[in-house]
Amino acid sequence: IVDATPSIPGLRSLHMWGDSIGHDDPHPVLDENVTGTAEYLLNHDIPPLLRRAMRWYRIGVNSTIPDDQFQYFWFALELVAVANESSEKVNDKCPVCRSPLYCETCKTHPLHWPYEKQKIRALIQAVDQEFEEKKFEMLEKARNTLMHGGTLKEIEEKLPEPREEIVDTLGKIVFLALVNQFPRE
(Lines give C-alpha, C1' and ligand atoms only; values in the text may rest on other atoms or scores of the structure.)
Protein backbone atom coordinates (compact mmCIF):
# COMPACT_ATOMS: atom_id res chain seq x y z
CA ILE A 1 0.00 0.00 0.00
CA VAL A 2 1.59 3.28 -1.08
CA ASP A 3 0.44 6.74 -0.05
CA ALA A 4 1.20 8.76 -3.16
CA THR A 5 -1.38 11.52 -2.76
CA PRO A 6 -0.11 14.34 -5.05
CA SER A 7 -1.62 17.16 -2.98
CA ILE A 8 0.11 16.09 0.26
CA PRO A 9 3.70 17.28 0.66
CA GLY A 10 6.12 15.60 3.01
CA LEU A 11 6.16 12.07 4.32
CA ARG A 12 4.62 9.33 2.26
CA SER A 13 4.08 5.86 3.59
CA LEU A 14 4.68 2.45 2.10
CA HIS A 15 3.43 -0.77 3.70
CA MET A 16 4.08 -4.24 2.39
CA TRP A 17 2.82 -7.74 3.07
CA GLY A 18 5.24 -10.61 3.25
CA ASP A 19 5.68 -14.20 4.26
CA SER A 20 8.49 -13.42 6.71
CA ILE A 21 8.00 -14.57 10.27
CA GLY A 22 8.22 -11.78 12.79
CA HIS A 23 6.63 -9.05 10.67
CA ASP A 24 3.14 -7.84 11.27
CA ASP A 25 1.12 -7.40 8.13
CA PRO A 26 1.22 -4.87 6.67
CA HIS A 27 4.87 -4.16 7.48
CA PRO A 28 6.02 -0.50 7.14
CA VAL A 29 8.86 -0.19 4.64
CA LEU A 30 9.03 3.57 4.30
CA ASP A 31 8.89 5.75 7.41
CA GLU A 32 10.23 9.06 8.72
CA ASN A 33 13.71 7.59 9.34
CA VAL A 34 14.08 6.52 5.72
CA THR A 35 12.57 9.63 4.18
CA GLY A 36 14.49 11.91 6.56
CA THR A 37 17.76 10.23 5.65
CA ALA A 38 16.96 10.45 1.93
CA GLU A 39 16.09 14.14 2.29
CA TYR A 40 19.32 14.77 4.21
CA LEU A 41 21.41 13.08 1.52
CA LEU A 42 19.62 14.92 -1.28
CA ASN A 43 20.35 18.27 0.40
CA HIS A 44 24.10 17.68 0.13
CA ASP A 45 26.15 17.96 -3.01
CA ILE A 46 27.58 14.44 -3.00
CA PRO A 47 30.74 14.09 -5.11
CA PRO A 48 30.44 11.61 -8.00
CA LEU A 49 33.05 9.31 -6.46
CA LEU A 50 31.08 9.05 -3.22
CA ARG A 51 27.87 8.44 -5.20
CA ARG A 52 29.61 5.54 -6.95
CA ALA A 53 30.79 4.16 -3.62
CA MET A 54 27.24 4.36 -2.26
CA ARG A 55 26.00 2.61 -5.42
CA TRP A 56 28.45 -0.29 -4.97
CA TYR A 57 27.50 -0.53 -1.30
CA ARG A 58 23.79 -0.70 -2.24
CA ILE A 59 24.49 -3.39 -4.82
CA GLY A 60 26.44 -5.33 -2.18
CA VAL A 61 23.62 -5.08 0.34
CA ASN A 62 21.12 -6.33 -2.25
CA SER A 63 23.29 -9.22 -3.44
CA THR A 64 22.52 -12.70 -2.14
CA ILE A 65 25.90 -14.27 -2.95
CA PRO A 66 28.56 -13.71 -0.22
CA ASP A 67 31.47 -13.64 -2.70
CA ASP A 68 29.75 -10.96 -4.78
CA GLN A 69 28.74 -8.98 -1.69
CA PHE A 70 32.35 -8.89 -0.50
CA GLN A 71 33.61 -7.66 -3.87
CA TYR A 72 30.95 -4.93 -4.12
CA PHE A 73 31.71 -3.78 -0.58
CA TRP A 74 35.43 -3.75 -1.38
CA PHE A 75 34.83 -1.62 -4.50
CA ALA A 76 32.97 0.89 -2.30
CA LEU A 77 35.77 0.85 0.28
CA GLU A 78 38.43 1.48 -2.36
CA LEU A 79 36.49 4.39 -3.83
CA VAL A 80 36.09 6.08 -0.45
CA ALA A 81 39.73 5.45 0.47
CA VAL A 82 41.24 6.86 -2.72
CA ALA A 83 38.87 9.84 -2.71
CA ASN A 84 40.47 11.10 0.50
CA GLU A 85 43.63 13.00 -0.26
CA SER A 86 46.36 12.31 2.26
CA SER A 87 48.07 15.28 3.83
CA GLU A 88 50.99 13.23 5.13
CA LYS A 89 53.57 11.08 3.47
CA VAL A 90 54.13 7.57 4.79
CA ASN A 91 56.96 5.07 4.71
CA ASP A 92 56.83 1.47 3.66
CA LYS A 93 57.01 -1.16 6.35
CA CYS A 94 59.02 -4.31 6.64
CA PRO A 95 56.84 -7.28 5.66
CA VAL A 96 58.19 -9.28 8.62
CA CYS A 97 58.32 -6.93 11.64
CA ARG A 98 56.22 -4.02 10.26
CA SER A 99 58.87 -1.40 11.23
CA PRO A 100 59.66 1.45 8.78
CA LEU A 101 62.09 0.48 6.03
CA TYR A 102 65.46 2.19 6.15
CA CYS A 103 67.73 3.25 3.28
CA GLU A 104 71.38 2.47 4.05
CA THR A 105 72.70 4.90 1.44
CA CYS A 106 70.58 7.93 2.46
CA LYS A 107 70.51 6.99 6.15
CA THR A 108 66.78 7.83 6.29
CA HIS A 109 63.35 6.26 6.32
CA PRO A 110 62.10 7.29 2.82
CA LEU A 111 58.60 8.74 2.63
CA HIS A 112 56.06 8.77 -0.21
CA TRP A 113 52.40 9.56 -0.77
CA PRO A 114 50.26 6.61 0.39
CA TYR A 115 49.49 3.86 -2.10
CA GLU A 116 45.89 2.68 -2.44
CA LYS A 117 46.45 -0.26 -0.10
CA GLN A 118 47.84 2.09 2.55
CA LYS A 119 44.88 4.45 2.09
CA ILE A 120 42.45 1.55 2.54
CA ARG A 121 44.24 0.44 5.69
CA ALA A 122 44.19 3.98 7.10
CA LEU A 123 40.48 4.34 6.34
CA ILE A 124 39.65 1.04 8.05
CA GLN A 125 41.73 2.07 11.08
CA ALA A 126 39.93 5.41 11.22
CA VAL A 127 36.39 3.97 11.21
CA ASP A 128 36.77 0.60 12.93
CA GLN A 129 36.97 1.03 16.71
CA GLU A 130 38.01 -2.63 17.03
CA PHE A 131 40.77 -2.55 14.40
CA GLU A 132 43.19 -5.43 14.65
CA GLU A 133 46.02 -6.33 12.32
CA LYS A 134 44.65 -9.87 12.12
CA LYS A 135 41.25 -8.60 10.94
CA PHE A 136 42.86 -6.44 8.26
CA GLU A 137 44.96 -9.37 7.04
CA MET A 138 41.83 -11.55 6.91
CA LEU A 139 39.98 -8.93 4.82
CA GLU A 140 42.98 -8.59 2.50
CA LYS A 141 43.25 -12.37 2.13
CA ALA A 142 39.58 -12.58 1.16
CA ARG A 143 39.95 -9.65 -1.26
CA ASN A 144 43.03 -11.11 -2.95
CA THR A 145 41.44 -14.56 -3.23
CA LEU A 146 38.27 -13.21 -4.83
CA MET A 147 40.02 -10.76 -7.15
CA HIS A 148 42.26 -13.54 -8.45
CA GLY A 149 39.45 -15.94 -9.30
CA GLY A 150 39.06 -17.84 -6.03
CA THR A 151 36.07 -18.12 -3.72
CA LEU A 152 35.53 -17.54 -0.03
CA LYS A 153 34.67 -21.22 0.32
CA GLU A 154 38.21 -22.12 -0.85
CA ILE A 155 39.79 -20.17 2.01
CA GLU A 156 37.08 -20.87 4.59
CA GLU A 157 39.40 -22.94 6.80
CA LYS A 158 41.93 -20.08 6.85
CA LEU A 159 39.32 -17.59 8.06
CA PRO A 160 38.82 -17.46 11.83
CA GLU A 161 35.09 -16.88 11.33
CA PRO A 162 32.41 -18.28 9.03
CA ARG A 163 32.80 -16.91 5.50
CA GLU A 164 29.54 -14.97 5.70
CA GLU A 165 30.79 -13.17 8.80
CA ILE A 166 33.76 -11.70 6.94
CA VAL A 167 31.27 -10.20 4.49
CA ASP A 168 29.30 -8.69 7.38
CA THR A 169 32.53 -7.35 8.90
CA LEU A 170 33.48 -5.60 5.67
CA GLY A 171 29.91 -4.35 5.15
CA LYS A 172 29.91 -2.69 8.59
CA ILE A 173 33.29 -1.07 7.94
CA VAL A 174 32.15 0.30 4.57
CA PHE A 175 28.92 1.60 6.08
CA LEU A 176 30.89 3.52 8.71
CA ALA A 177 33.32 4.80 6.06
CA LEU A 178 30.40 6.11 3.98
CA VAL A 179 28.63 7.71 6.93
CA ASN A 180 31.87 9.48 7.91
CA GLN A 181 32.01 11.18 4.52
CA PHE A 182 29.08 13.43 5.46
CA PRO A 183 29.24 16.49 7.73
CA ARG A 184 28.71 15.65 11.42
CA GLU A 185 25.67 17.88 11.78
Task: With all protein chains modelled, accessible area of ARG58 [1.4 Å, Å²] - done: 120 Å²
Task: Rounded if a/c under 1.5, otherwise prolate or oblate - segment 66-185, Cα gyration tensor axes - done: oblate
TODO: In whole Hz, with x marking every Gly and Pro, tabulate ³J(HN,Hα) for segment 37-45 from phi via Karplus 6.51 cos²θ - 1.76 cosθ + 1.60, θ = phi - 60°.
DONE: 5, 4, 4, 4, 5, 5, 7, 9, 7
Open item on the list: Could you tell me how far the Cα centroid of segment 67-109 sits from the Cα centroid of segment 141-160, in Å?
Closed with: 21 Å
Task: Karplus-derived 3J(HN,Hα), 6.51/-1.76/1.60, for each residue of segment 63-70, Hz, glycine and proline x - done: 6, 10, 9, x, 4, 5, 4, 4
Task: List TYR115, TYR40, ordered by accessible area with a 1.4 Å probe, largest first - done: TYR115, TYR40
- [ ] Please compute the Cα-Cα pair-distance distribution of segment 37-86 with 10 Å bins starting at 0, giving whole percents from short to long.
- [x] 27, 45, 26, 3
Task: segment 23-111 - accessible surface per residue (Å², probe 1.4 Å) - done: 69 Å²
TODO: Using a 1.4 Å probe over the heavy atoms of the protein chains, calculate the carbon and sulfur portion of the accessible area of segment 39-117 as a whole percent.
DONE: 57 percent
- [ ] Report the net charge of residues surrounding ASP128, where surrounding means a beta-carbon distance below 11 angstrom and charges are Lys +1, Arg +1, Asp -1, Glu -1.
- [x] +1
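When only the heavy atoms of the protein chains count and the probe is 1.4 Å, how do TYR102, TYR57 rank by accessible area, highest first? Numbers along the way, then the final one.
Values: TYR102 105, TYR57 45 Å².
The ordering from most to least exposed comes out as TYR102, TYR57.
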Task: Segments 31-37, 66-72, 173-179 sorted - mean Cβ within 10 Å per residue, highest first - done: 66-72, 173-179, 31-37
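The values are calculated or read from the model by the stated rules, or taken from the named source; none is laboratory data. Keep in mind it's a predicted model, so treat the numbers as computed, not measured. Note: ideal-geometry Cβ built from the backbone for every residue, glycine included; neighbour counts use all protein chains shown. Note: areas computed on protein heavy atoms with side chains; ligands, DNA, RNA excluded. Shrake-Rupley method; radii C 1.70, N 1.55, O 1.52, S 1.80 Å.
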